[in-house]
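The values are calculated or read from the model by the stated rules, or taken from the named source; none is laboratory data. Just so it is clear, the structure is predicted and the values come from calculations on it, not from any experiment. Positions of Cβ are generated from backbone atoms using ideal geometry, with glycine treated the same way; all protein chains shown enter the neighbour counts. Note: accessible area is taken over every heavy atom of the protein model, side chains too, but ligands, DNA and RNA are not part of it. Shrake-Rupley method; radii C 1.70, N 1.55, O 1.52, S 1.80 Å.
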Amino acid sequence: MSAIKRILVTGGAGFLGSHLCERLVAAGHDVICLDNFFTSQKSNVSHLLGKPNFELIRHDITVPILLEVDEIYNLACPAAPGHYQYNPIKTMKTSVLGAIHVLGMAKRCRAKVLQASTSEVYGDPQVHPQPESYRGSVNPIGPRACYDEGKRAAETLFMDYHRSNGINIRIVRIFNTYGPRMHPYDGRVISNFIRQAIQGEDITIFGDGKQTRSFCYRDDLIDGFIRMMNGPDDFCGPVNLGNPGEFTIRELAEIVIELTGSKAKLVARPLPADDPTQRRPDIALATSRLGWQPTIALREGLQMTIDWFRSIDITEYRPPTPNY
Ligand code: NAD
Ligand code: UDP
């Protein structure tokens, strides 16, 4: 086994964070999971609570905290549009103050720190697919700006701490990622469609359903996180992590209906403001520098996600906000 490290995962009880904690605990590291449980719940990590190398802290990352660590994965931030728009000022504070607090901790502890950024930094992209060199097309005053601009400002802070203070940083830009343990009420398209399909509710297509997204299975993504953290120090990113397969939202709905055998029907709902029309990662950089590429195709990943949704008791999940 490689050297044992003390690793902080902010947002560690969330969908991606809980899987990352699981992987790091299994590798023998001492893992601290920090979360305020805004969009998650303790059950995501309850199976880790008895492990001697896992610790759970309820804390809000907008407030500084004193911890001694070797590595930090900064994931704390609501990720679904309905939830990050619920309290947009808090969302911006979480990205900006959260970045300042983890960077300050990294500076004090000489720790390495990875930022979970997003394809949303490209906004509604005019370049397709999106390479890291594309600077994006974000509306700075729209309803998605609290998230998009918050994540952009966090990238700026990471680069400035790196240039000014020599902090060892990593930035990953995550494209839509899905899988078991997504919150059934997070309002994102895959969790909505699967929940609606298995409960026999109408499947809500926003707009004409011709907008596209690229969906990455969570195990591929977590593998990319770990490769990036352990990759060469001269490669701090930003690097795109996502699956280049591109699907319209209508195609996605049809695949979910087919795989669930649901009789649910598609219904149109208004397209939310500033909803990107297309999105697909260019992953050439991740492939050449990290030897990374996704391995799990959409149908395979969806089947595993559907099986998980069928295995849970959805009534045990509390909607984080009314927006799902
Ligand atoms: P998630 O909502 O399941 O996880 C986010 C976690 O952060 C939750 O556990 C939430 O309670 C916690 N959190 C929110 N605000 C906090 C605060 N102020 N202090 C402490 N904890 C806080 O979402 P996820 O999909 O697991 O996303 C994890 C990270 O990856 C986020 O930063 C998100 O922006 C980023 N990301 C995810 C995707 C995706 O498709 N899943 C895409 C792009 C970026
Ligand atoms: N979407 C949809 N129906 C839903 C939820 C989402 O048609 O019930 C659409 C949404 O408008 C967007 C796409 O699916 O075009 C992906 O939405 P999601 O919220 O998952 O992520 P993001 O827009 O941040 O990529």
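Points to keep in mind about this one:
- Accessible surface ranking for L97, L157, 1.4 angstrom probe, highest first: L97, L157.
- Spin-label model distance (nm) - S46 vs S137, 7 Å beyond Cα toward Cβ: 4.6 nm
- In terms of its C-alpha gyration tensor, the chain comes out prolate, because a/c is 1.5 or above and the ratio a/b outweighs b/c.
- Placing unit charges on each Cβ (+1 for Lys and Arg, -1 for Asp and Glu) gives the stretch 122-220 a dipole about its Cα centre, and among Y122, A154, F215 the Cα reaching farthest toward its positive end belongs to A154.
- Rounded, prolate or oblate (a/c below 1.5 giving rounded, otherwise prolate when a/b exceeds b/c) for the stretch 68-141 by Cα gyration tensor: oblate
- Unit charges on C-beta of K, R, D, E only; dipole of the stretch 41-131, Debye: 240 debye
- Using a Gaussian network model of the chain in which every pair of alpha carbons under 10 angstrom is joined by a spring, one finds that among G11, G82, G242 the greatest mean-square fluctuation is at G82.
- Derived scalar couplings ³J(HN,Hα) [the stretch 260-275; Karplus, 6.51 cos²θ - 1.76 cosθ + 1.60; whole Hz; x for Gly, Pro]: 8, x, 7, 9, 4, 10, 7, 10, 8, 10, x, 6, x, 4, 6, 5
- Within the shell of other residues whose beta carbon sits under 12 angstrom from the beta carbon of E22, the net charge comes to +3, with Lys and Arg scored +1 and Asp and Glu -1.
- Checking every one of the GluC sites (Glu not before Pro) in the stretch 46-79 against DSSP loop status and a limit of 12 other Cβ atoms within 10 Å picks out E68.
- Cross-link reach is defined here as a Cα-Cα straight distance under 29 Å, omitting same-chain residues fewer than 8 places apart; for K42 the lysines meeting it are K5, K51, K90, K93, K112, K151.
- Cα-centred dipole magnitude for the chain, charges only on beta-carbon of K, R (+1) and D, E (-1), debye, nearest 20: 380 debye
- Average Cα contact separation per residue, the stretch 74-144, under 8 Å, 6 or more apart, as relative contact order %: 27 percent
- DSSP loop trypsin sites (Lys or Arg not before Pro) with at most 16 other Cβ within 10 Å: longest gap in the chain: 1-109
- Apportionment of accessible area to carbon and sulfur, the chain, percent (1.4 Å): 52 percent
- Modelled label reach - H128, point 7 Å along Cα→Cβ, the stretch 181-223 residues with backbone N closer than 17 Å: 207-215
- Cβ-Cβ distance of D160 and D202, R₀ of 45 Å, FRET efficiency by 1/(1 + (r/R0)^6): the value works out to about 0.45.
- Counted residue by residue at 0.36 nm each, then reduced by the alpha carbon distance between them, the extension gain from E254 to R108 reaches 47.5 nm.
- Three-way shape label, the stretch 176-220, alpha-carbon gyration tensor, a/c 1.5: oblate
- With a cut-off of 13 Å between beta carbons, the residues surrounding L252 carry a summed charge of +2, where Lys and Arg count +1 and Asp and Glu -1.
- Helix-only arithmetic for the chain: the sum of -39500 (n - 2.57) across DSSP H runs with n ≥ 4, divided by the residue total, places the mean residue ellipticity at 222 nm at -11000 deg cm²/dmol.
- Protein heavy-atom accessible surface, 1.4 Å probe, per residue over the chain: 41 Å².
- Percent antiparallel among DSSP beta bridges (both partners in the chain, rounded to 5): 5 percent
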